[in-house]
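Chemist: Below is one structure. I have some questions about it.
The values are calculated or read from the model by the stated rules, or taken from the named source; none is laboratory data. Keep in mind that what you see is a predicted model, and the values were worked out from it rather than measured. All Cβ positions, even for glycine, are placed from backbone atoms using ideal geometry, and neighbour counts span all protein chains on display. Heavy atoms of the whole protein, side chains included, go into the accessibility calculation; ligands, DNA and RNA do not. Shrake-Rupley method; radii C 1.70, N 1.55, O 1.52, S 1.80 Å.
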Amino acid sequence: MLSFETLLLVQVCTTVLTTALLVASACYRDSPPEMRWWATGNLVISAGLALTNLEGVPLLLCALVGYSLIALGIALVLRGVRVHCGDTLSTGQIVLITLIALLVSGYFTLIEPSVRGRIAFSGFYFGVLNWMCGYAAGRYSSERGVPIAVTGFGLLGAALVVRGMHLLMQEGPIDLSSSTVLGITMLTVPLGQVCTSFGLILMVMWRYAERLRHLSSIDALTGALNRAGLEDQGGRLAMRLQRARRDLAVLMIDVDHFKQINDSFGHAAGDEVLRCLTRLLRQELRPMDVLARIGGEEFVLVLDGVDPAAALRLAERLRARIADEAVQCDEAAVAYTVSIGVVASAAAGYELSALMAAGDRAMYEAKRSGRNQVCSA
């Protein structure tokens, strides 16, 4: 077994390195608030650990302030975890967590002086707080990094609780340097700290990656899917319906004389027409359907389980409603119409690109027929 001094050095170095890692991650201008809470919490914990382990420090400062700082730091980390999970931890709750540690350490320092009691019961308390952090993180177990963070908090909590139990069951004076159990817990704590720090950072990285992936598939002007999003979600919908042998329909929609709208009313009016059209289309769709903008004024609807007759009825209803609703832009009311091409899997199969090509031909046939029309492939 490694010597107590070596184990303590490993623990101190790991604490400093993991704290530095979290602080560095939180120093970016656009870092999320939870990163700042985690970094601040680890800095406060480090200050508390330093006070409790430095020799020559007055007992009241070591016991009362040191243990209170550790509890405060864990509470700040818990707040960061809960903020990441869409919740929070109130200032009053943070104060209560800190006050409990102050009262416990004060009791075993001033009222019933006992180093064993102070270390043991503080260990129990800090262990439970770490488990609370792990539980809060585990509520979002679908995120990558969560299992690592939960494992880290679990190891930290287990090490502190086992240390407390061992000290209470140990007879005679406390001998930290010769206890195998305490040595194992001192090795477990750095491992837990590493897992916790990397797990927390991975949680944030995963969430940012998911947001970037989502943004890369969304049209910035309308909020509908873009072409990449259509290929992803529309393609998956088509494959699912093909396996289930259910109907699939595609509507290709193009705004008539859109260039004239831009020339007559300005590009801001044209943008508003596209946004209003998107909102109107969404009102007619179900959650399983797919809406995408694939060009300047061209939209695609991929409909789940809709047969050719129902697709034509929907397209006609959309065409009539759009023709009846003008878009208010500044003081002008902009009226517009659309041409719609309809195609179903019964006629063109389930390959999304083939369906869109057939729907595109039907849409241009609607334009050649005078616009504000619905044609089917």
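Chemist: Restricting to Cα atoms and excluding each atom paired with itself, what does the Kirkwood estimate give for the stretch 66-161 in Å?
Modeler: Every distinct Cα pair counted, the radius reaches 13.8 Å.
Chemist: Among ALA39, ALA136, ALA323, which one shows the highest mean-square fluctuation when the chain is modelled as a Gaussian network with alpha-carbon springs under 10 Å?
Modeler: ALA323
Chemist: Can you list, bin by bin at 10 Å, the percent of alpha carbon pairs in the stretch 296-377, starting at 0?
Modeler: 18, 47, 25, 8, 1
Chemist: Same structure again: Rolling a 1.4 angstrom probe over the protein heavy atoms, how many square angstrom per residue are accessible across the stretch 1-71?
Modeler: With all protein chains present, the stretch 1-71 gives 54 Å² per residue.
Chemist: Next up: Å³ per residue of the Cα convex hull, for the stretch 236-377?
Modeler: It is 96 Å³ per residue.
Chemist: So how much slack lies between ALA209 and LEU59, counting 0.36 nm per residue of separation and subtracting their Cα-Cα distance, in nm?
Modeler: Difference between extended and current length: 49.2 nm.
Chemist: Another question, then. Which listed residue (GLN283, MET203, ILE148) has the Cα farthest towards the positive end of the charge dipole for the chain, taking +1 on Lys and Arg C-beta and -1 on Asp and Glu C-beta about the Cα centre?
Modeler: Result: ILE148.
Chemist: Between SER114 and MET165, what length comes free when the chain is fully extended (0.36 nm per residue of separation minus the Cα-Cα distance, one decimal in nm)?
Modeler: 16.9 nm
Chemist: Given the stretch 118-273, report the % of alpha carbon pairs whose separation exceeds 28 Å.
Modeler: Percentage above 28 Å: 55.
Chemist: Further question: Under unit Cβ charges (Lys, Arg +1; Asp, Glu -1), what dipole magnitude, rounded to 20 debye, does the chain have relative to its Cα centre?
Modeler: 520 debye
Chemist: Along the charge dipole of the chain, pointing to its positive end and built from +1/-1 on Cβ of Lys, Arg, Asp and Glu, which listed residue (PHE299, GLY359, LEU129) has its Cα farthest out?
Modeler: Going by the Cα projections, it comes out as LEU129.
Chemist: Run a plain Debye calculation on the stretch 190-314 (Cα atoms as equal point scatterers, no solvent) and give log10 I(q)/I(0) at q = 0.10, 0.11, 0.21 Å⁻¹, rounded to two decimals, same order as the q list.
Modeler: Computed log10 I(q)/I(0) values: -0.45, -0.52, -1.18.
Chemist: Right, next: Can you tell which of ARG163, ARG293, ARG282 shows the greatest fluctuation in a Gaussian network model of the chain with Cα springs below 10 Å?
Modeler: ARG282
Chemist: For the chain, what is the calculated [θ] at 222 nm in deg cm²/dmol (nearest 500), taking -39500 (n - 2.57) for each run of four or more DSSP H residues and dividing by its residue count?
Modeler: -21500 deg cm²/dmol
Chemist: If amide hydrogens are placed 1.01 Å from N in the peptide plane, which non-local residues have theirs closer than 5 Å to the one on CYS329?
Modeler: VAL334
Chemist: Something else now. I'd like to know which of ALA333, VAL194, LEU221 lies farthest towards the positive end of the charge dipole of the chain, counting +1 on Cβ of Lys and Arg and -1 on Cβ of Asp and Glu.
Modeler: Sorting the options by dipole projection puts first VAL194.
Chemist: Further, regarding this structure: Under unit Cβ charges (Lys, Arg +1; Asp, Glu -1), what dipole magnitude, rounded to 20 debye, does the stretch 205-265 have relative to its Cα centre?
Modeler: In total the dipole reaches around 520 debye.
Chemist: Which angle from 0 to 90°, rounded to the nearest 10, does the C-alpha axis of helix 66-84 make with the longest principal axis of the chain?
Modeler: That helix lies at roughly 10 degrees to the long axis.
Chemist: Springs between alpha-carbon atoms under 10 Å, Gaussian network over the chain: tell me which of ILE218, ILE261, ILE148 tops the mean-square fluctuations.
Modeler: The residue with the greatest mean-square fluctuation here is ILE261.
Chemist: Using a 1.4 Å probe over the heavy atoms of the protein chains, calculate the carbon and sulfur portion of the accessible area of the stretch 35-167 as a whole percent.
Modeler: Carbon and sulfur together cover 71 percent of it.
Chemist: Find how much the distance from MET239 to LEU187 grows on full extension, using 0.36 nm per residue of separation minus their present alpha carbon separation; answer in nm with one decimal.
Modeler: Gain on extension, MET239 to LEU187, equals 13.6 nm.
Chemist: Can you give the angle from 0 to 90° between the axis of helix 308-324 and the longest principal axis of the chain, with both taken from C-alpha atoms, to the nearest 10?
Modeler: Result, in degrees: 90.
Chemist: For an R0 of 41 angstrom, estimate the FRET efficiency from the Cβ-Cβ distance between ASP307 and SER216 and round to the nearest 0.05.
Modeler: Computed FRET efficiency for ASP307 and SER216: 0.75.
Chemist: Mind pulling the angle between the C-alpha long axis of helix 267-284 and the longest principal axis of the chain? Nearest 10 degrees, somewhere in 0 to 90.
Modeler: 80 degrees
Chemist: Convex hull over the Cα atoms of the stretch 45-89, averaged projected area in nm²?
Modeler: Taking a quarter of the hull surface, the average projection is 2.9 nm².
Chemist: Would you kindly work out the equivalent ellipsoid of the chain from its C-alpha gyration tensor and give its semi-axes, the square roots of five times the eigenvalues, largest first in whole Å?
Modeler: 65, 22, 15
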